[in-house]
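Engineer: Before anything else, here's the structure in question.
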Amino acid sequence: MRYITFDDEATLSPDEFFMDQALYEARQALAEDEIPIGAVVVCKGQIIGRGHNLTERLNDVSAHAEMQALTAAANYMGGKYLPDCTLYVTMEPCVMCAGASYWFQIGKIVFGAYDTKLGFGRLNQKITHPKTMVTGGIRENECSQLVRDFFKNKRAKKR
């Protein structure tokens with residue numbers, strides 16, 4: 001595994017750097033004709049889990065990017081709790097994924113685009129673990145543009 005360090009000369013903040021990695025995963029989903037959402041789990045500067053949407057390929061509505069990354073991270077850590085880890089995801093997690101983050105006891109969630117229809121924030125209640133910190137809007141434009149373009153192209157193909 002490769003460790004990543006940041007010094008004073010870094011041009012990207014750690015949040016931006018790891019969101020870049022989540023965007024890479026989202027582009028992988030796009031290449032597979034999946035909704036382009038990607039996620040990575042980071043612990044102590046190291047990516048320990050990666051995932052992107054696989055709902056179509058696996059024919060599984062629960063195969064969201066967050067679920068893939070959280071499961072990979074828990075397997076890497078050898079346990080089910082991730083309190084010292086951060087989940088980076090390109091879209092605000094849905095209620096299912098936010099609920100899963102509760103059970104994984106993830107330390108922090110950083111997401112890109114807000115999801116006003118299905119994101120957990122619209123419920124105005126705390127679904128995540130009480131100790132989980134949440135930050136949104138990192139690389140928001142890039143993250144939301146991927147999803148907008150995906151659905152725009154899908155609608156154009158139906159015509």
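The values are calculated or read from the model by the stated rules, or taken from the named source; none is laboratory data. Just so we're clear, the structure is a prediction, and the values are computed from it rather than from any experiment. Cβ placement follows ideal geometry from the backbone for every residue including glycine, while neighbour counts extend to all protein chains displayed. Note: areas computed on protein heavy atoms with side chains; ligands, DNA, RNA excluded. Shrake-Rupley method; radii C 1.70, N 1.55, O 1.52, S 1.80 Å.
Engineer: Under a plain spin-label model, where a point goes 7 Å from the Cα along Cα-to-Cβ, how far apart in nm are Thr11 and Glu142?
Structural biologist: It works out to 1.1 nm between the two label points.
Engineer: Would you mind telling me the share, in percent, of accessible area of the range 4-119 contributed by carbon and sulfur at probe 1.4 angstrom?
Structural biologist: Values: 2850 of 5510 Å².
Taking all protein chains in place, the range 4-119 shows 52 percent carbon and sulfur surface.
Engineer: How would you rank 69-82, 24-37, highest first, on the average number of other Cβ atoms within 10 Å across their residues?
Structural biologist: In decreasing order of mean packing, 69-82, 24-37 become 24-37, 69-82.
Engineer: Could you give the size of the charge dipole of the chain about its Cα centre, using +1 on the Cβ of each K and R and -1 on the Cβ of each D and E, expressed in debye and rounded to the nearest 20?
Structural biologist: 700
Engineer: I would also like to ask the following. If I model a spin label at Arg27 and Lys158 as a point 7 Å from the Cα along the Cα→Cβ vector, what separation in nanometres do I get?
Structural biologist: Label-label distance for Arg27 and Lys158, simple model: 2.8 nm.
Engineer: Using only Cα atoms, figure out Rg for the range 53-103 and give it as a multiple of 2.2 N^0.38 Å.
Structural biologist: Expressed relative to 2.2 N^0.38 Å, the Cα Rg reads 1.12.
Engineer: Probe 1.4 Å, all protein chains in place: accessible area of Met67 in Å², nearest 10?
Structural biologist: Answer for Met67: close to 50 Å² accessible.
Engineer: While we're here: Helix 95-104 against the longest principal axis of the chain: what's the angle in degrees, Cα atoms only, rounded to the nearest 10?
Structural biologist: Result, in degrees: 20.
Engineer: I've got another one for you. Express in nm, to one decimal, how much length is gained between Glu56 and Tyr81 on full extension, taking 0.36 nm for each residue of separation and deducting their alpha carbon distance.
Structural biologist: 6.2 nm
Engineer: Once you have the Cα-Cα distance between Asp149 and Tyr114, take 0.36 nm times their residue separation minus that, and quote the gain in nm to one decimal. Display every interim value, and only then the final one.
Structural biologist: On the way: separation 35, 0.36 × 35 = 12.60 nm, distance 1.58 nm.
So the chain would gain 11.0 nm between Asp149 and Tyr114.
Engineer: Quick one: work out the % antiparallel among DSSP beta bridges in the chain, nearest 5.
Structural biologist: Around 60 percent of the beta bridges assigned by DSSP in the chain are antiparallel ones.
Engineer: Given points 7 Å out from each Cα along the Cα-Cβ axis, report the Gln46 to Tyr102 separation in nanometres with one decimal.
Structural biologist: In this crude label model, Gln46 to Tyr102 measures out at 3.1 nm.
Engineer: Shifting gears a bit: What do you get for the angle between helix 65-77 and the principal long axis of the chain? Use alpha-carbon atoms, 0 to 90 degrees, nearest ten.
Structural biologist: Approximately 30 degrees, to the nearest ten.
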